[in-house]
Amino acid sequence: MKSVKLVDLSMPMENCAFFPRPATITHIDHYDWTKQLCRLIDGVKPTDFPNGLSNAMDYFSASTHTGTHLDAPLHYAPVIKGQPAKSIDQVPLEWLYGDGVVLDFRHKKAGEFITLEDVKIALSKIKYTLKAWDIVLIMTGAAAQYDTNPDYANLHAGMSKEATIWLIDQGIKVMGIDAINFDIPFKYMSMEYKKGNKKVVMATHCGLGQDREYVHMENLINLEKLPSYGFEIVCFPIKIAKATGGYVRAVAIIRD
């Protein structure tokens with residue numbers, strides 16, 4: 001039997017994470033939840049449970065764009081290709097399972113653009129020709145510090161509009177990055193804007209026009225543990241009706 005290796009590409013959701021909009025997670029232990037449960041189930045007492053304890057519980061509150069997540073087309077524009085843009089629950093599952101490709105841009109500095117020429121050189125280095133439905137992962141190296149560096153949001157190079165359009169035109173529907181933003185960080189976006197370069201503002205999120213449809217993941221981890229290609233990716237998001245994004249447990253499947 002062939003062996004299969006699974007690589008977790010998703011970071012955990014945590015309180016006090018280094019995000020502009022971190023999650024808020026409240027953990028209710030077995031003791032406190034037992035008290036609440038006894039109020040919910042009339043007549044039940046703590047002594048009715050084994051060792052006087054029922055189950056524990058958690059409450060979770062966060063933007064759908066916190067942690068490792070998938071942006072839906074609706075996140076980018078209300079109308080794409082003349083039709084209402086897909087919300088996260090409408091993104092076809094067929095897009096979200098396929099062959100993966102990792103392009104290494106760890107040599108690029110924070111705030112720099114990953115250009116079309118950079119993408120072509122990266123593909124040439126690994127001697128790979130893209131095919132339709134490949135899932136392309138952009139490795140910047142930023143995720144190595146997601147849980148240790150308060151400046152995590154400003155550590156990465158970002159995709160350029162031209163490079164993203166070219167990938168879409170090769171038949172790529174899903175991309176991902178090991179950083180908080182597929183675009184350059186807001187810090188550098190602001191610097192470019194003040195120089196008069198207005199086209200850099202959320203260029204891959206909002207600047208592709210309304211005639212191209214794709215999705216991308218953000219805040220991936222462990223891309224350095226993957227081969228350049230020859231693996232599969234599963235990246236199904238939580239099914240949240242009408243949402244612009246959804247949390248993803250992205251997993252790479254490496255088969256011998």
Checklist entry - Which residue pairs have Cβ atoms closer than 7 Å, lie 6 or more positions apart in sequence or on different chains, and pair a first residue in the stretch 120-140 that is at negative phi with a second residue that is part of a helix (DSSP H, G or I)? => result Leu130/Leu123; Val136/Leu167; Leu137/Leu223; Met139/Leu223; Met139/Glu224
Checklist entry - What are the pairs, 6+ residues apart or on separate chains, where a residue within the stretch 74-90 that is under 22 Å from Phe236 (Cα atoms) has its Cβ under 6 Å from a residue that is not hydrophobic (A, V, I, L, M, F, W, C) and not in a loop (DSSP other than H, G, I, E, B)? => result His75/Gly245; Tyr76/His205; Ile80/Pro73; Ala85/Pro73; Lys86/Pro73; Ile88/Pro237; Ile88/Gly245; Ile88/Gly246
Item to check | Number of the exception - Val7 against (1) closer than 30 Å to Asn154 by Cα; (2) hydrophobic (A, V, I, L, M, F, W, C); (3) part of a loop (DSSP other than H, G, I, E, B); (4) touching a helix residue (DSSP H, G or I) at 6+ places or on another chain (Cβ under 6 Å) | outcome: (3)
Item to check | Output for the stretch 164-200, where each listed residue is in a helix (DSSP H, G or I), modelled with pLDDT of 95 or more, of a type in the set (A, V, I, L, M) and buried (at least 20 other Cβ atoms within 10 Å of the Cβ) | outcome: Leu167
Checklist entry - Going by the structure shown, is Ser10 surrounded by fewer than 17 Cβ atoms within 10 Å (Cβ to Cβ), touching a Lys or Arg at 6+ places or on another chain (Cβ under 7 Å) and in contact (Cβ under 8 Å) with a residue 24 or more places away in the chain? => result no
Item to check | Residue in the stretch 78-90 that is nearest to Phe19 (Cα to Cα), counting only those that are small (Gly, Ala, Ser) and at pLDDT 95 or above | outcome: Ser87
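Return the only residue of Ala122, Ala132 being part of a helix (DSSP H, G or I), modelled with pLDDT of 95 or more and surrounded by fewer than 23 Cβ atoms within 10 Å (Cβ to Cβ).
Of the residues listed, the single one that is part of a helix (DSSP H, G or I), modelled with pLDDT of 95 or more and surrounded by fewer than 23 Cβ atoms within 10 Å (Cβ to Cβ) is Ala122.
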Checklist entry - Considering Gly158, Gly230, Gly171, Gly176, which residue is assigned by TED's automatic domain parsing to the domain that holds Ile121 and more than 30 Å from Gln83 (Cα to Cα)? => result Gly230
Checklist entry - In the set Ala250, Ala241, which member is assigned by TED's automatic domain parsing to the domain that holds Glu117, at negative phi and touching a strand residue (DSSP E or B) at 6+ places or on another chain (Cβ under 9 Å)? => result Ala250
Checklist entry - Hey, any hits in the stretch 212-219 for a residue that's part of a loop (DSSP other than H, G, I, E, B), under 20 Å from the mean Cα position of the chain (by Cα), more than 27 Å from Pro84 (Cα to Cα) and at pLDDT 95 or above? => result no
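The values are calculated or read from the model by the stated rules, or taken from the named source; none is laboratory data. All values derive from a computational prediction rather than experimental measurement. All Cβ positions, even for glycine, are placed from backbone atoms using ideal geometry, and neighbour counts span all protein chains on display.
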